[in-house]
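Chemist: Quick one: the structure is below, questions incoming.
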Amino acid sequence: MKIKFFAVGGTIDKVYFDALSTYQVGPPGIESIIRDARVNFDYEVVSLVKKDSLDMTPQDRELILDAVQKEESRHIVITHGTDTMVETAMVLKRIKGKVIVLTGAMEPACFKSSDAAFNLGSAVASVQTLPNGVYLAISGRVFDPAGVKKDRNRKQFVDVSSTEDNITNMAALPPQSK
């Protein structure tokens with residue numbers, strides 16, 4: 001199995017230059033995380049967009065949609081800014097026959113306190129085990145993008161759907177034998 005990673009910017013790839021928070025979106029932070037983790041799967045990383053997600057346009061989302069649709073790999077992980085990750089995920093729901101997992105970070109991957117490596121690991125595990133569909137793997141959970149929002153005060157994503165465990169209780173997952 002090959003996992004294709006698309007980096008589209010966001011905090012996970014931000015590089016800060018001074019104490020006043022001047023930054024730019026740098027190269028994909030996931031490359032060093034994956035290399036350092038010594039993973040045992042084939043992968044490729046492609047940088048599509050280098051923007052803060054608040055600056056993303058509908059045209060950027062169409063570019064991402066087009067790239068994922070054309071990609072031969074069925075297993076896709078997208079690193080994305082957390083502010084508009086849900087909007088992009090909803091656009092990607094038009095794609096059938098692939099497992100697409102979006103993830104990001106509340107702090108840049110280059111920060112020691114970043115959640116980037118944990119979130120990326122969750123996304124990698126999720127893309128290998130979930131049925132076809134579009135998901136968010138962040139804040140230690142896997143979410144359906146239609147039932148999640150970013151809680152800025154808590155610095156995490158929270159379930160806003162009517163079910164307690166959103167994805168883990170979905171009927172699409174295989175039943176446990178007794």
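Chemist: Taking segment 141-154, which residues are modelled with pLDDT under 90 and either under 11 Å from the mean Cα position of the chain (by Cα) or within 12 Å of G104 (Cα to Cα) (or both)?
Modeler: The answer is K150, and nothing else.
Chemist: Assess whether K98 counts as being of a type in the set (K, R), farther than 19 Å from N40 by Cα and modelled with pLDDT under 95.
Modeler: No; evaluated as a whole, the condition is false for this residue.
Chemist: Residue pairs, Cβ under 8 Å, 6 or more apart or interchain, first in segment 32-52 and closer than 15 Å to V77 by Cβ, second at pLDDT 85 or above and surrounded by fewer than 13 Cβ atoms within 10 Å (Cβ to Cβ). List them.
Modeler: Within 8 Å, the pairs are F41/M1; F41/K2; D42/M1; D42/K2; Y43/K2; E44/K2.
Chemist: Quick check on G29: is it surrounded by fewer than 21 Cβ atoms within 10 Å (Cβ to Cβ) and within 26 Å of V158 (Cα to Cα)? Show your work before the answer.
Modeler: Numbers: surrounded by fewer than 21 Cβ atoms within 10 Å (Cβ to Cβ): no; within 26 Å of V158 (Cα to Cα): yes.
When the stated conditions are applied, G29 does not pass them.
Chemist: Exactly one of (1) of a type outside the set (G, A, S); (2) under 15 Å from I30 (Cα atoms); (3) buried (at least 24 other Cβ atoms within 10 Å of the Cβ) is unmet by L136. Its number?
Modeler: So the condition that L136 fails would be (2).
Chemist: Out of all the residues in segment 1-39, which are part of a strand (DSSP E or B), among the basic types (K, R) and modelled with pLDDT of 65 or more?
Modeler: K2, K4
Chemist: Take the residues of segment 121-140 that are of a type in the set (V, I, T) and under 14 Å from V86 (Cβ atoms): which is modelled with the lowest pLDDT?
Modeler: I138
Chemist: Could you give me the residue pairs with C-beta distances under 6 Å whose first residue belongs to segment 136-158 and is in contact (Cβ under 8 Å) with a residue 12 or more places away in the chain, whose second residue is surrounded by fewer than 15 Cβ atoms within 10 Å (Cβ to Cβ) and not β-branched (V, I, T) wherever it lies, and which are 6+ apart or on separate chains?
Modeler: P145/M90; G147/S161; V158/D151
Let's see how each residue does on (1) surrounded by fewer than 16 Cβ atoms within 10 Å (Cβ to Cβ); (2) farther than 18 Å from A7 by Cα:
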position	(1), (2)
V99	no, no
G104	no, no
D115	no, no
A123	no, no
P131	yes, yes
V148	no, yes
D151	yes, yes
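Chemist: When residues of segment 70-84 are filtered for being surrounded by 14 or more Cβ atoms within 10 Å (Cβ to Cβ) and modelled with pLDDT of 95 or more, how many remain?
Modeler: 7
Chemist: If you don't mind, there's one more thing I want to ask. Would you confirm, using the coordinates I've provided, whether G104 is small (G, A, S) and at pLDDT below 95?
Modeler: yes
Chemist: Among the numbered conditions (1) at pLDDT 95 or above; (2) crowded, with 19+ Cβ neighbours inside 10 Å; (3) of a type in the set (G, A, S); (4) out of contact with any Leu (no Cβ under 7 Å at 6 or more places or on another chain), tell me where A109 comes up short.
Modeler: (1)
The values are calculated or read from the model by the stated rules, or taken from the named source; none is laboratory data. All values reported here derive from a predicted model rather than from experimental measurement. Neighbour counts run over all protein chains shown; Cβ positions are idealised from the backbone, glycine included.
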